[in-house]
Amino acid sequence: MIGRRVVITGIGVQAPGGDGVKEFWSLLSEGRTATRPISLFDASPFRSRVAAEVDFDAEAHGLTPREIRRMDRATRLAVVAAREAVADSGLDFAGLDPARTGVAVGSAVGCTMGLEEEYRVVSDDGRDWLVDHSYAVPHLYRHFVPSSMAAEVAWQVGAEGPVSVISTGCTSGLDSVGYARELIAEGSADVLVAGATDAPISPITVACFDAIKATTPRNDDAAHASRPFDNTRNGFVLGEGSAMFVLEELESARRRGATVYAELAGFASRCNAFHMTGLRPDGREMAEAIGAALAEARVDPGDLDYVNAHGSGTRQNDRHETAAFKRSLGEHARRVPVSSIKSMIGHSLGAIGSLEIAACALAMRHDVIPPTANLHEPDPECDLDYVPLTARERRTDTVLTVGSGFGGFQSAMVLTRPGARAAA
Amino acid sequence: MTRIWVTGLGVTAPNGLGTDDYWAATLAGRSGLGRITRFDPARYPAQLAGEVPGFDARRHLPGRLIPQTDHMTRLALVAADWALAEAGLAGGGPYGEYEMGVVTAASSGGFEFGQRELQNLWSKGGRHVSAYQSFAWFYAVNTGQISIRNGMRGPSGVVVADQAGGLDALAQARRQIRRGARVIVSGGVDGSLCPWGWAAQLSTGALSTGDDPATAYLPFDRRAAGYVPGEGGAVLVLEDAESAARRDAPVRYGEVAGYGATFDPPPGSGREPGLRRAIEIALADAGTAAAGIDVVFADAAGLAGPDRAEAAALAAVFGPGGVPVTVPKTMTGRLYSGGAPLDVAAALLALRDGLIPPTVNVVPDPALGLDLVTGVPRPAPLKTALVLARGHGGFNSALVVRAAG
Amino acid sequence: MGDHEELTLPDLRRILREAAGVNEGTDLDGEILDLDFEDLGYDSLALLETGARIEREYGVRLEDDAITSARTPRALLTVVNLTFTDIDAA
């Protein structure tokens, strides 16, 4: 069904543990972790007090005081990541037809940090139900409806085609890129700046995950707190960040001699229609999404060189996902390397899907598979090859990355190296 | 190319709960705007809104859903129930679970729920935050809850924007059907009528501060001075036309025939906004010339500048007064992500009945050169309608619906 | 809170109602002590919310999985009331 073939030609990243793509890849390929005690606010009253934070200096990245004022932290991260992606692509954006250039930004919780800050002001720290609007900043509406995130990116890159924010919880970063891919494939645009961002490390988000005990209480060992697939795991570590991409049509990318990181060869999303936060242990819907994405990419499970797992480090997720891999990949599930970079950079909600796509593209670029950090003693029910502790060199042409989110969303994307195999 | 029909509608609007009530009120020119009752608006400069009347969630939804949902999600769940019932798909019909999905639009999520939990957090502490906060307020909540309630496991999604997002969601639903799904429940139901949401909406300065519901929201009128927000919207069942015909779907409102979306040039560029281009893309996508459009449901910002820009775009495409234009949202207010889906519902009902619903209270500014349908419904042979929506910051979307023939 | 040394079944019914609502067809006022929470329509999220309300109302701290591992109202009452005993003993 998909028409034109779509490739990644530029990557930009703002992630915990480093500034930009290069430092992101160093962290991942060296198996280092960026989780630490929360410093963005006083987290002492909360159950889970660890997070993976970005040491982010918007001013140093050239954002003006005015831009910084009107943008939420998540928007700033996205804008800086988008600039890096644009520069990396080598594409002359000034020479593009703005009408054929679009933007798709994924985000699970939008401008939640800016909203909470403003809420505290207008409500006098929660004292007033009838908040005093006269204290509100003039740009409050931009936080209220976070389509502003895509608007800011569009202004940066000069896009005047389709511009959207996609918000499907923790699959937002896969779904926004999947959406962007469809826009190019169907011919609605030629170039998309797409990806995702979230900056959820604020009291309300920490409190709401505390309430359902989804985040880890391993506060005394923050550097090793994110432990996907490990038997001692007890919840995920909240993260933040953004990854943005330049996507274009394969032939035009080739014509201009662009560096092609990967082709977005297959994408599918499904819903579990089961529970807003719960997962069925059999992994059925994720398996269905994986199967559909593989079919669209015309890739057999046996062709996969690497699987980037959702691997959040909650007991329920890691078992659900392991079951989904076995169900969809059959015997190959036991052979293919599977890893979770959330062990190193935490779980940045809607952003993580795009950060994981970036990790996959870089794994293909370097023929190195990033490890699952902190995995010393696997849960007996998680019995696949999770690439524990150290990265692995391996020819990596064909990759699957998956995500799972509140709301029941399950998404899967297949990336291939164009030219690595006979064109389908 | 796969054709897509609308085979069911569910409406929760300020001037009518349910499609029939809404449509009867709209044809009769009955407005649902009034002084806010959900909270005391006395301290705020704007005090009018369109609230959905007579909605008792407990009559429609299981008790277990009430503590975990915001008001707008309850409205959305009920609208989805009605749309699927009308489509004859309440139990799923002949389709497999992976052939049915949900794509909704959202603007600000369950904001009232969120305000309550922010208040709990900051006035009492983190341990007072609800276990449901993690999803009750977030943008994906309506899609998730509708998919769970109806066992729909196919491709799903959520588009975030204010007014334009409602059309973007319908376009994404169409895309998913073209990619292989059979049914996508789509549209948008929205509302943030709580003090915190009100403060956010006031921050743009675009809300009407009038206190008379009959004169507060007057798009395309010389007296235009802002808009009145509302809550509600519409859920539409989009279905692969061939499959719908095969199962002999009981209702065929029309076809989603064309769509276009653009983004304005950066503020201050002095260049033409993107609305005209969105219209042209949608018409081309629908394979129709401007002359093929029988009626336009306008975005109608209710502010002089944006109203002029919209009128100019319409004049550029259709010629001055070249097409009947109407704004039934003068009776509901602007419903954010619910507004455009409700306009699409109105457009489909107009096609069905051969009646253009009126714009109320407005005395059209002659300088705008619009053929605005005011006062009473205008009978007309209608085959094709264009719905326009714009979102804060420069978003433009256009959707063409055509009678199922 | 010394005047709340025991969580009773009527207390639990009230808290369940407030925390998680009741489905039609569920008779929360009937003989529910030994029914599975699942059969009463309550999932782990409902129990987490119920547990949080008990903690706030009675000023106790429950172990992470104390509430969600209770399968029935009787088991939940037992685990909560044991916590009260611990407080009294301390």
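Read-outs: derived from the displayed coordinates by stated rules, not from any lab. Not measured: the values here are computed from a predicted model. Quick reminder, even Gly has a Cβ in these numbers, built from the backbone with ideal geometry, and neighbours come from all protein chains shown.
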Original post:
Along segment A:406-412, what does the Karplus equation 6.51 cos²θ - 1.76 cosθ + 1.60 (θ = phi - 60°) give for ³J(HN,Hα), rounded to whole Hz, x for Gly and Pro?
Top reply: 3, x, x, 6, 9, 10, 9
Subject >> Estimated vicinal HN-Hα couplings, Hz - segment B:177-191 in sequence order (Karplus 6.51, -1.76, 1.60; Gly, Pro = x) >> reply: 5, 5, 8, x, 6, 9, 9, 10, 7, 9, x, x, 10, 9, x
Original post:
Gap in Å between the Cα centre of segment B:328-389 and the Cα centre of segment B:90-163?
Top reply: 30 Å
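With a ≥ b ≥ c the root eigenvalues of the C-alpha gyration tensor of segment A:265-416, is it rounded (a/c under 1.5), prolate (a/b larger than b/c) or oblate? Let's see the in-between values first.
On the way: a/c = 1.38, a/b = 1.14, b/c = 1.21.
Since a/c stays below 1.5, the shape of segment A:265-416 is classed as rounded.
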Original post:
Which of rounded, prolate, oblate describes segment B:4-246, given a ≥ b ≥ c as roots of the alpha-carbon gyration tensor eigenvalues and a/c under 1.5 marking rounded, otherwise prolate only if a/b is larger than b/c?
Top reply: oblate
Original post:
Hey, what do the phi angles of segment A:345-350 turn into as Karplus ³J(HN,Hα) couplings, whole Hz, using 6.51/-1.76/1.60 and θ = phi - 60°, x for Gly and Pro?
Top reply: 10, x, 10, 8, 6, x
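At a Förster radius of 56 Å, what calculated FRET efficiency corresponds to the Cβ-Cβ distance of B:Val363 and C:Arg13, to the nearest 0.05?
Working: r = 59 Å, r/R0 = 1.06.
Result of the calculation: an efficiency of 0.40.
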Original post:
Among the aspartates and glutamates, which fall within straight-line cross-link reach of A:Lys326, defined as a Cα-Cα distance under 13 Å, with same-chain neighbours fewer than 8 residues apart omitted?
Top reply: A:Asp282, A:Glu285, A:Glu288, A:Asp318, A:Glu381, A:Asp383, A:Asp385
**OP:** Answer rounded, prolate or oblate for chain B, using the Cα gyration tensor with square roots of eigenvalues a ≥ b ≥ c: rounded when a/c is under 1.5, else prolate when a/b is larger than b/c, else oblate.
**Re:** oblate
Original post:
What is the spin-label model distance, in nm, from B:Ile66 to B:Thr37 if the labels are put 7 Å beyond Cα along the C-beta direction?
Top reply: 1.8 nm
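Taking neighbour counts of Cβ atoms within 10 Å as a proxy for exposure, in what order, fewest first, do A:Thr416, B:Thr7 appear?
Lowest count first: A:Thr416, B:Thr7.
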Original post:
Using modelled backbone amide H atoms (1.01 Å from N, in-plane), which distant-in-sequence or interchain residues come within less than 5 Å of B:Ile356's amide H?
Top reply: B:Arg378, B:Ala380
Original post:
Comparing B:Trp196, B:Trp137, B:Trp122, which has the greatest mean-square fluctuation in the GNM of chain B with Cα pairs linked when under 10 Å apart?
Top reply: B:Trp122
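Given a Förster radius of 22 Å and the C-beta distance between A:His366 and A:His332 as r, what FRET efficiency does 1/(1 + (r/R0)^6) yield to the nearest 0.05? Walk me through the numbers on the way to the answer.
Numbers: r = 23 Å, r/R0 = 1.04.
Calculated transfer efficiency: 0.45.
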**OP:** Just need the relative contact order of chain A here, percent rounded to a whole number, with Cα pairs under 8 Å and 6+ apart.
**Re:** 24 percent
Subject >> Antiparallel DSSP beta bridges within chain B, as percent of all bridges there, nearest 5 >> reply: 70 percent
Subject >> Reachable lysines from A:Lys213, criterion Cα separation under 26 angstrom, eight or more residues apart if same chain >> reply: A:Lys342, B:Lys124
Original post:
Out of residues 5 or more away from B:Val251 or on other chains, whose amide H comes under 5 Å of its own, with H placed 1.01 Å from N in the peptide plane?
Top reply: none
Original post:
Just A:Met149, A:Met71, A:Met244 to compare: in a GNM of chain A, with alpha carbon springs under 10 Å, which one fluctuates most?
Top reply: A:Met71
Original post:
Of A:Ser252, A:Phe144, A:Gly173, which is farthest on the positive side of the dipole of chain A, counting Cα position, with +1 on Lys and Arg Cβ, -1 on Asp and Glu Cβ, and the Cα centre as origin?
Top reply: A:Ser252
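What percent antiparallel are the DSSP beta bridges of chain A, to the nearest 5? If you can, show how the numbers build up before the last one.
Numbers: 42 of 62 bridges.
The answer is about 70 percent antiparallel.
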Subject >> Residues B:Tyr95, B:Tyr336, B:Tyr227, sorted so that the one with the fewest Cβ neighbours within 10 Å comes first >> reply: B:Tyr95, B:Tyr227, B:Tyr336
Original post:
In segment A:6-255, with Lys and Arg counted as +1 and Asp and Glu as -1 at Cβ, which of these residues, A:Ala159, A:Ser26, A:Thr64, has the Cα nearest the positive end of the dipole, that is, farthest along it?
Top reply: A:Ser26
Subject >> Projected label distance in nm at A:Ser252 and B:Asp211, using a 7 Å step from Cα toward the beta-carbon >> reply: 5.6 nm
Subject >> Fluctuation leader among B:Asp240, B:Asp365, B:Asp190 - chain B, Gaussian network, Cα springs under 10 angstrom >> reply: B:Asp365
Subject >> Other-chain or far-sequence residues with amide H under 5 Å of B:Val189's (modelled H) >> reply: B:Ala105
